[in-house]
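Have a look at the structure below before the remarks.
The values are calculated or read from the model by the stated rules, or taken from the named source; none is laboratory data. Here the structure is a predicted model, which means the values were calculated and not measured. FYI the Cβ positions are ideal-geometry reconstructions off the backbone, even for glycines, and counts take in every protein chain you see.
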Ligand code: GLU
């Protein structure tokens with residue numbers, strides 16, 4: 001899961017997020033006090049704890065959990081393991097979570113956690129100890145719980161870490177019947193939901209597909225509609241980048257470039273995503289892939305010829321120094337904060353269509369929401385209705401055949417009769433969410449000339465929804 005592309009910029013990520021927020025806030029009708037309440041981080045917990053390394057030695061570990069907004073509970077957001085973790089970063093990411101959830105109508109506040117470690121430097125047993133200790137610290141201060149704060153995977157973490165978190169929480173709270181909902185992104189056997197692993201990447205794909213389906217918008221940037229034949233470069237072959245690339249490839253896009261921290265590869269005729277993934281796994285490097293050109297340093301890959309660029313690694317990857325060299329016509333922000341505000345200014349002048357993080361990568365938290373619902377209801381999606389619906393459709397098909405005197409072939413019947421399983425329902429809920437939210441933010445942008453970007457439109461959409469939830473309480477008359 002760890003793509004480990006270096007964060008190349010030193011500007012404050014949190015300040016950047018707030019800057020984007022302020023730009024949008026100015027275009028809303030809400031009083032400054034209310035905007036300030038929506039903008040500020042509600043609480044930050046910094047933790048220091050030791051772990052035993054070798055022999056009698058100890059290492060001090062620094063970790064955080066930031067809860068940005070309690071306007072809805074629980075708050076929600078991943079936990080990342082990376083050396084780039086610091087308070088500024090978790091606060092920025094927690095704020096993005098608040099706005100992301102609002103954009104896609106996921107009824108949570110935003111949060112984010114992080115442990116400042118390079119997970120590759122630790123054994124599995126050490127990682128387990130660090131994760132369990134971190135969870136115990138969160139429990140101590142009431143920073144975790146199915147009704148309070150629900151972590152999930154992020155950069156450098158995955159289902160394994162989530163299983164440790166859930167298990168630790170359940171040991172502390174054996175009386176809580178909903179305890180499994182204290183974290184999402186768990187393995188299926190521990191209460192996870194089918195489709196969560198690929199959800200962020202699938203969401204990025206749905207976003208890209210929707211964007212290129214609108215003829216009016218494509219004409220403005222000189223592209224035809226549809227994904228077929230579109231040239232795509234992906235930065236980061238971790239969980240998000242890999243799945244986004246794979247779904248795009250399956251829909252006819254050409255993945256011409258893939259970048260990782262050790263270097264990048266490019267082939268104008270397209271790279272097979274699974275073969276590249278296997279190649280990297282076997283050889284420990286993405287470089288020297290058959291038929292592809294090696295690109296070094298890896299950042300150069302962002303500047304190569306393509307239609308769609310998908311940064312799917314860390315923040316601040318496209319900045320004032322490289323933005324001018326970007327050739328893509330569309331950027332889909334699969335990572336959180338991959339563009340600095342300066343980069344965005346430059347790219348807008350170049351007429352690049354930017355699909356912002358708080359919408360583009362919201363697929364992960366959307367399916368996390370479905371997992372949390374599953375945990376609270378204690379039943380797999382589709383379990384109650386699958387057979388019932390199949391029986392209804394079968395009767396319908398039989399009646400149609402009888403009345404028309406014609407019969408359908410087996411494959412037609414199978415498609416018509418098939419009742420939905422958990423994965424069908426999860427993917428359908430995700431598709432509905434991503435498509436609806438895109439049209440919502442696009443409409444906000446189209447409504448006013450002052451809303452110049454989809455990012456500003458997304459922040460406005462989020463601010464409107466959060467403000468309304470405060471106003472409904474009469475807190476800010
Ligand atoms: N870490 C993911 C994000 O940044 C997922 C968060 C979640 O599922 O709660 O959106």
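Checking each residue in segment 143-178 for being within 12 Å of the ligand (Cβ to nearest atom) and more than 30 Å from residue 237 (Cβ to Cβ) picks out only 149. When 160, 116, 132 are checked against the criterion of being touching a strand residue (DSSP E or B) at 6+ places or on another chain (Cβ under 8 Å), at pLDDT 95 or above and surrounded by fewer than 24 Cβ atoms within 10 Å (Cβ to Cβ), a single residue qualifies: 116.
Check segment 176-184 and report whether any residue there is outside any helix (DSSP H, G or I), at pLDDT 95 or above and surrounded by 24 or more Cβ atoms within 10 Å (Cβ to Cβ). Yes, because at least one residue in segment 176-184 is outside any helix (DSSP H, G or I), at pLDDT 95 or above and surrounded by 24 or more Cβ atoms within 10 Å (Cβ to Cβ). Residue 373 satisfies every condition listed in (1) surrounded by fewer than 16 Cβ atoms within 10 Å (Cβ to Cβ); (2) more than 25 Å from residue 145 (Cβ to Cβ); (3) under 22 Å from the mean Cα position of the chain (by Cα) except (2). Residue check: residue 214 meets all listed conditions (1) away from the ligand (no atom under 16 Å from the Cβ); (2) in contact with a helix residue (DSSP H, G or I) (Cβ under 8 Å, 6 or more places away or on another chain); (3) under 30 Å from residue 382 (Cα atoms) but one, namely (3).
Would you confirm whether or not segment 341-352 contains a residue that is on the phi < 0 side of the Ramachandran plot, in contact with a strand residue (DSSP E or B) (Cβ under 7 Å, 6 or more places away or on another chain), more than 16 Å from the ligand (Cβ to nearest atom) and in contact (Cβ under 8 Å) with a residue 40 or more places away in the chain? Scanning segment 341-352, I find at least one residue that is on the phi < 0 side of the Ramachandran plot, in contact with a strand residue (DSSP E or B) (Cβ under 7 Å, 6 or more places away or on another chain), more than 16 Å from the ligand (Cβ to nearest atom) and in contact (Cβ under 8 Å) with a residue 40 or more places away in the chain, so the answer is yes. How many of the residues in segment 115-142 are outside any helix (DSSP H, G or I) and either away from the ligand (no atom under 15 Å from the Cβ) or under 23 Å from residue 359 (Cβ atoms) (or both)? Residues that pass the stated criteria total 7.
Give the residue that is nearest to residue 150 (Cα to Cα), with candidates limited to residues of segment 77-95 that are within 15 Å of the ligand (Cβ to nearest atom) and in contact with a helix residue (DSSP H, G or I) (Cβ under 6 Å, 6 or more places away or on another chain).
Residue satisfying both the conditions and the ranking: 77.
If you go through segment 97-113 and keep only what is surrounded by 22 or more Cβ atoms within 10 Å (Cβ to Cβ) and out of contact with any strand residue (DSSP E or B) (no Cβ under 9 Å at 6 or more places or on another chain), you end up with 103, 104. Among the residues here, residue 89 does not qualify as part of a helix (DSSP H, G or I), at pLDDT 95 or above and surrounded by fewer than 22 Cβ atoms within 10 Å (Cβ to Cβ). Considered as a group, the residues in segment 356-370 that are within 10 Å of the ligand (Cβ to nearest atom) and part of a loop (DSSP other than H, G, I, E, B) include one that is nearest to residue 345 (Cα to Cα), and that residue is 361.
Against the condition over 17 Å from residue 154 (Cα atoms) and part of a helix (DSSP H, G or I), how does residue 202 come out, does it pass?
Criteria not met by residue 202.
Residues that are closer than 27 Å to residue 159 by Cα number at least 3 in the following strands (runs of 3 or more DSSP E) confined to segment 234-345: 254-260.
Annotation note: of 47, 61, 38, 51, the sole residue that is surrounded by 15 or more Cβ atoms within 10 Å (Cβ to Cβ), closer than 24 Å to residue 436 by Cα and over 18 Å from the mean Cα position of the chain (by Cα) is 38. Just one of (1) in contact (Cβ under 8 Å) with a residue 60 or more places away in the chain; (2) in contact with a helix residue (DSSP H, G or I) (Cβ under 6 Å, 6 or more places away or on another chain) fails for residue 422. It is (2).
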